[in-house]
Amino acid sequence: MTCVWDEAFTHPAARRGRCDLEDASGNLRPLPVHRWVHGDRDDDLLIGTIAGWCTGPAVDLGCGPGRVVEALLQRGVPTLGVDGATTAVAMTRARGAAAITRDVFGDLPGEGRWSHALLLDGNIGIGGDPHRLVRRAARLLAAGGSLIVEVDTGSAGWERRATRIRTGSVVTEWFPWSTVGPDALPGLAERAGRRVHRTVTVGARMCAELAP
Ligand SMILES: C[S@@+](CC[C@H](N)C(=O)[O-])C[C@H]1O[C@@H](n2cnc3c(N)ncnc32)[C@H](O)[C@@H]1O
């Protein structure tokens, strides 16, 4: 299975870090592909905190090249990566981590049994409807399990827009994507029967644990 996101991980320009999300007005928003592949200091700090929140197996929805899956494994958290892009899954497996090529809205192993489901580093945008996505992720969880969600500290509320990936002159087809600001978190949690249990902010990045 290939998807538009394979472009972000395979194009040479993307590997060097130049890759953007483009909206219908032509606005470009840089995608941190270099960080998804290599991580950075803030990322390490964020993952360290998230690892401390994890008390059992985690599923990383839209795992990309797998650095979060690998880092959580190294910290003793059994983690499975799920991604729709075959390139991302291959890169995750090349790190010695487990990953499967699936759509997060399709059937996934361990439905209703995971301790934690992760939507990090932009992944709250998957599908263009964060309420639907969070409800779907919540169905993966065992009783008492938590969702760990990253929001965009540069946004307010939530927005859905048609988007495509641009790497230099190469563009993908349009697909729905959304951004969610910190102020939208309580409403997002509530509509999935959850509450914001705790948050962590590192530099410009913010994650929240949504507990039952
Ligand atoms: C914004 S990128 C983030 C990558 C990853 N979280 C990271 O930090 O490296 C979004 C990821 O979600 C994946 N994705 C998008 N839609 C998906 C879907 N419906 N099902 C599974 N994966 C999806 C893409 O292939 C991509 O790897």
(request) Measure of size requested: the Rg and Dmax of the chain, with Cα atoms as the atom set and Å as the unit; please supply both. (result) 15.8, 47
(request) Quick one: dipole size for the stretch 26-102, taken about the Cα centre, charges +1 on Lys/Arg Cβ and -1 on Asp/Glu Cβ, in debye to the nearest 20. (result) 140
(message) Along the charge dipole of the chain, pointing to its positive end and built from +1/-1 on Cβ of Lys, Arg, Asp and Glu, which listed residue (61, 127, 34) has its Cα farthest out?
(response) 61
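Could you work out the helix-only [θ] at 222 nm for the chain, with each DSSP H run of four or more residues adding -39,500 (n - 2.57) and the total divided by the number of residues, to the nearest 500 deg cm²/dmol? Mind dumping the intermediate values first?
On the way: 8 runs with 61 residues, N = 212.
Helix contribution divided over all residues of the chain: -7500 deg cm²/dmol.
Normalising by the residue count of the chain, find the relative contact order in percent from Cα pairs under 8 Å and 6+ residues apart. Numbers along the way, then the final one.
On the way: 477 pairs, mean separation 42.5, N = 212.
Averaging sequence separation for qualifying contacts and normalising by length gives 20 percent for the chain.
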(message) Give me the dipole magnitude in Debye, nearest 20, for the chain about the Cα centre, with unit charges on the beta carbon: positive for Lys and Arg, negative for Asp and Glu.
(response) 220
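We did not get these values from a lab; they are worked out from the coordinates using the rules stated. Quantities reported herein were computed from a predicted structural model and do not represent experimental measurements. Cβ atoms come from the backbone with ideal geometry, glycine included; neighbour counts cover every protein chain shown.
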